[in-house]
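The values are calculated or read from the model by the stated rules, or taken from the named source; none is laboratory data. The model shown is predicted, which means the values in this text are computed figures rather than measured ones. Methodologically, a virtual Cβ is constructed for each residue, glycine included, from the backbone with ideal geometry; neighbour enumeration extends over all protein chains shown.
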Amino acid sequence: MQLTAILDAVYGTGYTGASLDDFNRGIKNRLINNFHREIVAGTYRAWTDEILDKSDGQIEVLPDVWLERFSERRKAQRYLEADQLLVPIRVGQKFKAEKMGALYYHKTLREYVTTLCYSSEIGLDLTAHSDNFL
């Protein structure tokens, strides 16, 4: 399988912790493994809903206080370190944050960025915007 060979080349030292769990969940995902048979251009199928259901209804977002650090790590090709700055939120919280104007999709980074207040002790404060104005 080409995907496995590519991942082995990029992550030759292996996965640990949550990254290992994510990898195992992805490599066993029926839709990912059968992508070439399951997805047909021009057709709609709620496969994203199925993947979200299996991810426990969570997505990862980047608190804007980590935006510069995240960008630097990505530029330095330290992808796993960059991904450690992402914070999981429930899909319902994503929609609430978007409605508040506290979440946007950063096209260059290809990640959702939130302006909600964040601290490593408490996590995201779903009621307050950060004061990080870059």
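Name every residue in region 62-79 that is modelled with pLDDT of 90 or more and within 15 Å of the chain's Cα centre (by Cα), in order of residue number.
Listed by number, the residues that qualify are 62, 63, 64, 66, 67, 70, 71, 74.
To keep it simple, each residue is scored yes or no on (1) touching an Asp or Glu at 6+ places or on another chain (Cβ under 9 Å); (2) without any contact (Cβ under 8 Å) to a residue 40 or more places away in the chain.
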residue: 72; (1), (2): no, yes
residue: 80; (1), (2): no, no
residue: 85; (1), (2): no, yes
residue: 88; (1), (2): yes, yes
residue: 92; (1), (2): no, yes
residue: 100; (1), (2): no, yes
residue: 108; (1), (2): no, yes
residue: 113; (1), (2): yes, no
residue: 119; (1), (2): yes, yes
